[in-house]
Amino acid sequence: MKKYLYGAAVQGIQSFIFGTNKLQDIVGASELVNEICDKAFEKFEGSGKSIVRAAGNIKHIFTEIHECEKAVREFPKKVMEIAPGITISQAVVTIETDFEEAVNLLEEKLKVQRNRPYNSTTLGLTGIRRARNTGMPAVKEEGKDYLDIATLKKRKVAFNANSKLCSKIFGDINKIEEKITLQVDKIPSKNDWIAVIHADGNGLGLVVQKIGKDENLLKEFSENLNEATVNAAQEAYKVVNDKYKLIELDFIPIRPIVLGGDDLTIICRADVAIEFTRKFLEEFENQTKQLLGDVLKKGNLSFDKLTACAGISFMKSSFPFYYGYNLAEDLCKKAKEDAKDKNRLQQGLAPSCLMYYKIQDSFIERFDDLIERELTASGTSFKFGPYYLDETKDRWTIDKLIEVSKELNSKEGNALKSHYREWMSVLFENSQLAQQKLKRMKTTFEGKKVCSLIKELESQKRDNLYHSPVYDVISLHTVINQETDNTKTK
């Protein structure tokens with residue numbers, strides 16, 4: 001009997017979710033994307049079975065050709081009705097005998113189809129009134145504002161999404177539902193800094209390549225990976241909640257945006273971001289070892305767990321989320337590139353690490369451009385990361401980063417911070433004066449308690465450049481400890 005492998009990939013997820021600066025719209029958009037893979041596809045399942053249905057990707061085996069044809073014909077329309085502005089690419093291949101060959105062929109066809117998107121249903125005539133936040137045709141007037149169809153649908157599901165998404169991290173939310181906010185200005189506390197965290201698993205392509213020949217193994221892997229990611233996020237929340245007593249605040253300063261497959265995206269208070277991410281990376285390894293160890297062994301892989309990398313963009317709460325997310329995603333990619341260095345691989349797998357950046361400009365570009373424009377001066381680079389979960393060659397661990405940053409809390413540490421800031425400013429203007437400034441600073445603090453901290457902050461020679469951790473350490477210390485008048489401690 002012939003079988004048909006159907007594949008669908010949702011396109012434009014990031015722009016759909018982060019195309020607004022209103023948290024309720026972001027949360028609602030994320031839930032609509034989840035609904036596409038979950039409820040929206042249910043009516044098209046027929047007598048077949050799903051192999052993958054998460055993170056905007058669907059792989060489903062049909063046993064009846066007419067059921068497959070119906071999905072191809074009607075599912076895209078269903079998707080665009082649920083989430084206007086989203087489009088999907090689809091492909092179908094016949095499974096002859098080799099399931100792995102069918103999966104590879106399906107992926108090739110999906111790549112081609114991604115370049116042939118469906119026409120958007122959100123376009124309108126030039127003279128139509130537009131929603132001010134998105135520029136799309138308005139369909140409803142709400143107060144003094146006008147809403148387009150996508151925003152209207154996002155807000156309709158925002159409250160339920162509030163419950164579904166948050167329960168993945170917070171667990172039973174019946175007692176804390178009033179503490180879950182849809183307003184971003186409720187997230188910061190003593191300053192206006194928030195963080196966008198984006199984390200992504202390593203080695204997924206290799207794993208799928210190895211186990212893809214077995215449809216049952218691939219299905220088990222997909223389901224258990226999703227569970228491992230959710231469990232890791234829950235454990236990370238427990239750690240920061242216990243330390244910072246988040247549950248006692250008026251509003252919980254953590255909001256999940258995407259949580260499924262091997263992906264995590266959250267918006268949170270800046271001071272909890274590094275520790276939340278560190279625990280998530282640690283637990284992702286633990287959970288995947290527990291839930292996926294047997295699957296990886298059956299696939300004859302050289303490792304018994306998965307690792308992940310993360311990017312964190314620190315930004316003011318008024319800064320556009322879309323740019324903050326893009327930067328976090330770019331930082332995650334840069335972390336992965338460093339982790340894939342052959343000298344760092346562990347059993348053929350990139351180790352877990354994170355990178356972060358504090359946004360101080362109104363114009364955000366690629367991280368490579370920021371390195372050249374803001375993080376390089378007179379033979380010194382202030383791009384010091386990534387920071388690793390475990391010890392690795394010529395890189396700091398996340399724990400070391402946290403501890404060094406804490407050492408600036410003392411009176412001497414605060415004075416040292418001021419000296420380093422002056423040194424960085426001078427370095428961009430005159431390298432010789434900067435060297436003199438550094439020598440004077442070392443003389444000033446000679447014999448004092450922070451002398452050991454100065455040694456920790458010495459630049460390292462890498463690739464014909466001196467790489468300094470000073471910028472990263474001071475940036476992290478600032479977003480954690482800075483107090484401003486325009487926010488209140490909750």
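Since every read-out is calculated from the coordinates, none of them should be taken as a lab result. Keep in mind that what you see is a predicted model, and the values were worked out from it rather than measured. Here the Cβ positions follow ideal geometry from the backbone for every residue, glycine too, while neighbour counts run over all protein chains shown.
Compute the relative contact order of the chain as a whole-number percentage, counting only Cα pairs closer than 8 Å that sit 6 or more residues apart in sequence.
14
Contour minus end-to-end for Asn21 and Glu142, with contour as 0.36 nm per residue of separation and end-to-end as the Cα-Cα distance?
Values: separation 121, 0.36 × 121 = 43.56 nm, distance 1.71 nm.
41.8 nm is the gain from fully extending Asn21 to Glu142.
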What size of dipole, in debye to the nearest 20, comes out for the stretch 407-481 about its Cα centre when the only charges are +1 on Lys and Arg C-beta atoms and -1 on Asp and Glu C-beta atoms?
240
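If you take the beta carbon distance between Gln482 and His66 as r and set R0 to 56 Å, what does 1/(1 + (r/R0)^6) give as a FRET efficiency, to the nearest 0.05? Display every interim value, and only then the final one.
Values: r = 62 Å, r/R0 = 1.12.
Step by step, r from the Cβ atoms, then E = 0.35.
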Amide H proximity to Ile257 below 5 Å, modelled H, separation 5+ or other chain, gives Thr265, Ile266, Ile267
Computed about the Cα centre, the charge dipole of the stretch 1-119 from +1 Lys/Arg and -1 Asp/Glu charges at the Cβ has a magnitude in debye, to the nearest 20, of 280
Specify the inter-centroid distance of the stretch 254-270 and the stretch 173-195, based on alpha-carbon positions, in whole Å.
14
What does the charge add up to near Ile82, with Lys and Arg as +1, Asp and Glu as -1, over the other residues with Cβ less than 9 Å from its Cβ?
+1
Charges on Cβ only, +1 for Lys and Arg, -1 for Asp and Glu, centred on the Cα centroid of the stretch 163-390; of Ala270, Tyr387, Thr376, which one is farthest towards the dipole's positive end?
Tyr387
So, over other residues within a Cβ distance under 12 Å of Trp193, counting Lys, Arg +1 and Asp, Glu -1, the net charge is +1
Whole-number D in µm²/s for the stretch 407-481 (Stokes-Einstein; Kirkwood sum over Cα pairs; 25 °C, 0.890 mPa s):
190
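Between Rg and the Kirkwood Rh of the stretch 3-113, both from Cα atoms, what is the Rg to Rh ratio?
Values: Rg = 14.5 Å, Rh = 14.4 Å.
My calculation of the ratio gives 1.00.
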Can you give the FRET efficiency for Glu107 and Lys245, using 1/(1 + (r/R0)^6), R0 = 35 Å, r = Cβ-Cβ distance, to the nearest 0.05?
0.15
Among Ser89, Val52, Phe170, the residue whose Cα sits farthest towards the positive end of the charge dipole of the chain, when +1 is placed on the Cβ of each Lys and Arg and -1 on the Cβ of each Asp and Glu, is Phe170
Cα-Cα pairs above 26 Å in the stretch 163-390: how many percent?
39
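Hey, what did the stretch 325-418 get for relative contact order, percent, Cα under 8 Å, at least 6 apart?
Numbers: 87 pairs, mean separation 21.5, N = 94.
This gives 23 percent for the stretch 325-418.
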Size of the dipole of the chain about the Cα centre, Lys and Arg at +1 and Asp and Glu at -1 on the beta carbon, nothing else charged, in debye to 20?
800
Reachable aspartates and glutamates from Lys439, criterion Cα separation under 20 angstrom, eight or more residues apart if same chain
Glu412, Glu422, Glu429, Glu456, Glu458
Helix by helix, which DSSP H runs in the chain go 15 Å or more along their axis at the Cα atoms and have an average Kyte-Doolittle hydropathy of 0.0 or more?
23-37, 149-170, 470-481
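Find out how many positive minus negative residues lie around Gly293, taking Lys and Arg as positive, Asp and Glu as negative, among other residues whose Cβ is under 13 Å from that of Gly293.
Working: positive: Lys289, Lys297, Lys298, Lys305; negative: Glu220, Glu285, Asp294, Asp304.
Its environment carries a net charge of 0.
How large is the translational diffusion coefficient of the stretch 280-437 in µm² per second when you combine the Kirkwood radius over alpha carbon pairs with Stokes-Einstein at 25 °C and 0.890 mPa s? Present the calculation step by step, with values, prior to reporting the outcome.
Working: Rh = 18.0 Å.
The calculation lands on 137 µm²/s.
Set the Förster radius R0 to 22 Å, insert the Cβ-Cβ distance between Ile128 and Gln14 as r into 1/(1 + (r/R0)^6), and round the FRET efficiency to 0.05. Please list the in-between numbers first.
Numbers: r = 26 Å, r/R0 = 1.18.
Rounded to the nearest 0.05, the efficiency is 0.25.
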Gained length - Arg114 relative to Lys442, 0.36 nm times residue gap less alpha-carbon distance
112.4 nm
Subset of Lys417/Lys449; Lys358/Lys417; Lys186/Lys316; Lys77/Lys164; Lys334/Lys406; Lys168/Lys210 violating a 18 Å alpha-carbon distance limit:
Lys77/Lys164; Lys334/Lys406; Lys168/Lys210
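When the chain is fully extended, how far beyond the present Cα-Cα distance does Ala415 get from Glu337, taking 0.36 nm per residue of separation? Could you put the intermediate results ahead of the total?
Details: separation 78, 0.36 × 78 = 28.08 nm, distance 3.58 nm.
Once the chain is fully extended between Ala415 and Glu337, it gains 24.5 nm.
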Which distance in Å, rounded to a whole number, links the C-alpha centroids of the stretch 65-93 and the stretch 1-40?
12
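Pairs of alpha-carbon atoms within less than 8 angstrom and 6+ residues apart define the contacts here; what relative contact order does the stretch 1-123 have, in percent?
Values: 193 pairs, mean separation 43.8, N = 123.
Once divided by the residue count of the stretch 1-123, the mean separation gives 36 percent.
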I need the peptides 94-106, 376-388 ranked by packing, meaning the mean over residues of other C-beta atoms within 10 angstrom, with the highest value on top.
376-388, 94-106
If each Cα of the chain is one equal point scatterer, what is log10 of I(q)/I(0) from the Debye formula at q = 0.11 Å⁻¹?
-0.99
